[in-house]
Structure formats: structure tokens, C-alpha cells
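Below: one structure, written as C-alpha cells.
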Amino acid sequence: MQKEIEKLINESSDRRIELSGRLSLTVDKSNSFTVGKLCVKGIVTVMRSDIIIDGGNAEIDVNVNDCTTSDWSLFFIHPSARNVQFRNLKIRVHIQNPKHSSRVFSLIYNTSHGLQIHNCQMEIVSDRQLNISGIYNNGNLDTHMDTRADNLVLSDSIIRVECRAEEYEKECEIYGIYNYLANSISIQNTFIYATNKGNCDRQKAVGVYTNGRFGRFVGNNIKANGSHNTGREREQAHAYGFINDGLYSVIEANNIVGEWAGMSVGLENRGEYSLIEGNKILATHTVCGRSVRSYANNSQITGNVLTSTSRNARLLEHSASSCIIANNVMEVLMVRSECRSGCGIYAIGEACRENIISGNIIRNVADIGIFADRTVGTVVNNRIISYPETVVQCGCENSSLLFRLDERNIQNIPE
């Protein structure tokens, strides 16, 4: 069946290829090809440019019996196939490997310019440990000029990626979207859900990862889940809703969640000149929750709602310079009796200089509203509305708070 689909896509005289019916694929160990030094096994390879693949009248079910010998993808977009569009696809992939594997399976592996994905529903489930990406967009070149996979557009879609193996302790990473060095991508109005049922910090679930420049991420629901719903043990998979390593990213009006994990992080920003505005960001069901971790200079974090149900919450952990952190509403939602520690804004260290921290409302933090040294920059007009014992603001001169907030002190909590 996969050969028939591939032939239809690459040899049809029409620009619009319409798939129809219930298409069931069982994958064997054939169809290998090489991209640079990387050997990838593709089930369906797209070679033509300027085509539309429409699955409005089709459902695609894929059973993968063994993908342990190489990296695999369901759809591989060849570098020569520019401006391909996927529309209205409904895809379910079930991976039943005979053993755990460190290989990577991607539902769509793109190496070409201008890929568009609209109104698609895509799901991957693996019963054994495997690295998985819903969409792997491989630009392959660290440059502010063009890369081969620039201008990806993803909109109005649903992407679910799940690994159910918990008994294995090798490194394992699950990504809804993995954008590698491709620039000017746009992801909007899409639900992205990544789950990893792991049992140590070498296993993680990430909703979106990007290290390309000029990305736009607007109006999405993004969730990463570590499958530890009691949130009491550090020795569980870590969950990151969004990791931004890319310069000049715009992250606006998203709902971003890291949940049910040994450590939950809503958003981790490492990309300079990023704009993070108007998002709802949550770190929940965890013993170690960080709603936002900010490590990138020259960025703005403004007008967001940052919450956490962590028992050791930091609503915003900041280690960068020349940033604006303003007009955010921040609150710990865990009841006070369950909190072991708690901090609103944690901004300590030599890297924290020349920042503006103003107009933030910080609620229900157990220990301190703003923990920052005097060298952090300008700190004005913030409101701390918490408990009688909560310190409003201080820095490392308070040695007892410095010790209390030390992450090395976070311990598992017995049931």
C-alpha cells in the first residue's frame, strides 16, 4: 500500500493528490535512503514540488512492527520537494517494536523549503522506549540566511505523541514538534501533546523545541506530560511544554503546560531577543515546578499568566541581562500546607544585570516574592500578595532563604 501512495504522490499529473478510503499500512524493514550521513527509513517519500496532499476522505492507520535498525519517518519530504502541502490528514501510528531502541521515529520528517500542514490530526503511540517526533523539521545549517527547511507553516492541527515504556532507564526524548535550525517557521492554532511514561530525568517529554531564528508561535495549546500524576518523585520523566533555543522568537497567546513529572517546566527560553507575551503558562503536578525558566539576554516577558501547583515552585527563574519582566500575573496554586518552598521571581547570579522587573503581581508564594540581588537592575512597583511569613524581597544576603531555595534540597515526598 505504501508504494501505491508514494507512486500516486510522485507520478500523478495533478497538483492535488486526494487520498480516499481507509488506508492500512504495515511497515517492514525496506525503503532506506541516505540524507548526508544520516540513514533514514521512509515509509512514503515525497519527491515532487508544489503539490497538495489532501486526506479529507481518508484515514491512515500504520502499524510499525520493527523500527529498531535505523531512524524512520512515515512521510519523508526530500530536499527537492519544495512547497508541499498536507491538508486534512487523519493518521494513527502504532509502534510495536520487539525491544527498546534509541532510534528516532518521525511522523513527518521535512528537509525542504516551504512545507505547509493544515487541519491535520496525527497521532503516534509506542509501546516500548523510542525517541519520537511528531514533526521533525531539519534545516541542517546554523545560519540567518536560508536553510533547506525554512518557512514551515503548521496551523489548525492536532498532534499527539506518546511513549508508554516506563521500565527502561536509557535516555529517551519525545517531541511534538522538533525544529532544528530552520528559520521563519510559523505554528498557530494547533494542539500539541507529548507524553513520556519514564522513570528518571534522562527521559523527557517536550511539546515544542526550536533553535531556528525568527519563529512565530501564536495561539497554540501545548502540553508535555511525564505520566506521574501525583507529582511527588523527582525520579520521573521531566516535562517541558516549550523549549526555545532560537533567536528572535515570537511566542504569543499560547496555553503552555508542563505536567505530571519529576520536574515540570512550562517554558524554557534560551533564545536572545525573544518576545514572550500574553501566554498562560503552567507547571503542575510535580515536586519541582518552574513555570518559566529565562536564560536569554535582551528578551521580554510581559503580560503573561504564570501559575504552578508545584510543592517547590519558582514561578519565574531568571538568569539573563537586559530583559524586561513586566505586568505578569503570577500565582502558586498549591495549598500552603503542601508547599516545601516557594518563590515568585528567582533572579540570582552574575548573569542577572540591567533588567527591568516591574508591575508584576505575585500571589501565594511560601517563602519570598522576589529573590534578587541589588545588581539585577530596576525592581519597582511589584505587588506581593501572599502569607504573613512571606518575605517581599531580598537577595543572597539572606543566607537562610538562599539555603531554603537551593534546588539540591528538593526531596521526594512519601505518599
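The values are calculated or read from the model by the stated rules, or taken from the named source; none is laboratory data. Everything quoted here is computed from the prediction, not taken from an experiment. In this analysis, Cβ positions are derived from the backbone assuming ideal geometry, glycine residues included, and neighbour counts consider all displayed protein chains. Each accessible area value is taken on the protein alone, full model and side chains, heavy atoms only, with ligands, DNA and RNA left out. Shrake-Rupley method; radii C 1.70, N 1.55, O 1.52, S 1.80 Å.
Within region 368-415, being charged (D, E, K, R) and assigned to a strand (DSSP E or B) holds for one residue alone: R383. Look at region 131-148: where a residue is aromatic (F, W, Y) and a partner is open to solvent by less than 90 Å² (accessible area, probe 1.4 Å) and part of a strand (DSSP E or B), sitting 6+ places away or on another chain with Cβ atoms under 6 Å, you get Y136/S106; Y136/Y109; Y136/Y178. Can V335 be described as of a type in the set (A, V, I, L, M, F, W, C), surrounded by fewer than 20 Cβ atoms within 10 Å (Cβ to Cβ) and within 13 Å of R311 (Cβ to Cβ)? Criteria met by V335. When region 285-298 is filtered for residues that are of a type in the set (S, T, N, Q) and either crowded, with 24+ Cβ neighbours inside 10 Å or on the phi > 0 side of the Ramachandran plot (or both), the ones remaining, listed by number, are T286, S291, S294, N298.
Considering S106, S133, S102, S126, the condition of being over 21 Å from L154 (Cβ atoms), surrounded by 23 or more Cβ atoms within 10 Å (Cβ to Cβ) and either of a type in the set (G, A, S) or modelled with pLDDT of 95 or more (or both) is satisfied by S126 alone. A residue that is modelled with pLDDT under 95, closer than 16 Å to L107 by Cβ, touching a Phe, Trp or Tyr at 6+ places or on another chain (Cβ under 7 Å) and not in a helix (DSSP H, G or I) occurs somewhere in region 18-40.
Restricted to region 164-201, and to residues there that are among the aliphatic types (A, V, I, L, M) and modelled with pLDDT of 90 or more, the residue that is most open to solvent (accessible area, probe 1.4 Å) is L181.
Taking every residue in region 1-20 that is more than 16 Å from G55 (Cβ to Cβ) and open to solvent by less than 70 Å² (accessible area, probe 1.4 Å) and pairing it with any residue that is of a type in the set (S, T, Y) and at pLDDT 90 or above, at least 6 positions away or on another chain, the pairs with Cβ-Cβ distances below 9 Å are N10/T45.
Taking residues in region 100-119 that are over 16 Å from L89 (Cα atoms), and partners anywhere that are among the acidic types (D, E) and open to solvent by 10 Å² or more (accessible area, probe 1.4 Å), the pairs with Cβ atoms closer than 8 Å and at least 6 places apart or on different chains are S102/E171; R103/D71; V104/D71; F105/D71; H113/D146.
Annotation: V161 fulfils all but one of (1) open to solvent by 10 Å² or more (accessible area, probe 1.4 Å); (2) within 25 Å of C172 (Cα to Cα); the unmet one is (1).
Which residues, taken from region 72-99, are open to solvent by 30 Å² or more (accessible area, probe 1.4 Å), touching a strand residue (DSSP E or B) at 6+ places or on another chain (Cβ under 8 Å) and under 18 Å from I174 (Cα atoms)? Scanning region 72-99 gives R92, H94, Q96.
Taking region 258-276 only, how many residues are touching a strand residue (DSSP E or B) at 6+ places or on another chain (Cβ under 7 Å) and either open to solvent by 10 Å² or more (accessible area, probe 1.4 Å) or within 17 Å of D201 (Cα to Cα) (or both)? Selection size over region 258-276: 12. Scanning region 84-121 for residues that are farther than 22 Å from N57 by Cα, among the polar types (S, T, N, Q) and not in a strand (DSSP E or B) returns Q96, N97, S101, S102, T111, S112.
Could you please find all residues in region 204-224 being open to solvent by less than 40 Å² (accessible area, probe 1.4 Å) and touching a Gly at 6+ places or on another chain (Cβ under 8 Å)? Of everything in region 204-224, those that are open to solvent by less than 40 Å² (accessible area, probe 1.4 Å) and touching a Gly at 6+ places or on another chain (Cβ under 8 Å) turn out to be A205, V206, G207, V208, T210, N211, G212, G215, I222, A224. Residue-level check: of (1) touching a residue at least 40 places away in the same chain (Cβ under 8 Å); (2) surrounded by 24 or more Cβ atoms within 10 Å (Cβ to Cβ), T230 misses just (2). Pairs meeting the criteria (first residue in region 331-359 and in contact (Cβ under 8 Å) with a residue 12 or more places away in the chain, second residue open to solvent by 70 Å² or more (accessible area, probe 1.4 Å) and not β-branched (V, I, T), beta carbons under 6 Å, at least 6 apart or on different chains) are E331/R363; S341/R404; S358/N381; G359/N327; G359/N381. Candidates are the residues of region 245-257 that are buried (at least 24 other Cβ atoms within 10 Å of the Cβ) and free of Cβ contacts under 8 Å to residues at least 60 places away in the same chain; the one that is farthest from the chain's Cα centre (by Cα) is S249.
When restricted to residues that are in a loop (DSSP other than H, G, I, E, B) and touching a residue at least 40 places away in the same chain (Cβ under 8 Å), region 263-274 contains 2. Scan region 136-145 and tell me whether some residue there is of a type in the set (V, I, T) and either crowded, with 17+ Cβ neighbours inside 10 Å or assigned to a strand (DSSP E or B) (or both). Checking region 136-145: not a single residue is of a type in the set (V, I, T) and either crowded, with 17+ Cβ neighbours inside 10 Å or assigned to a strand (DSSP E or B) (or both).
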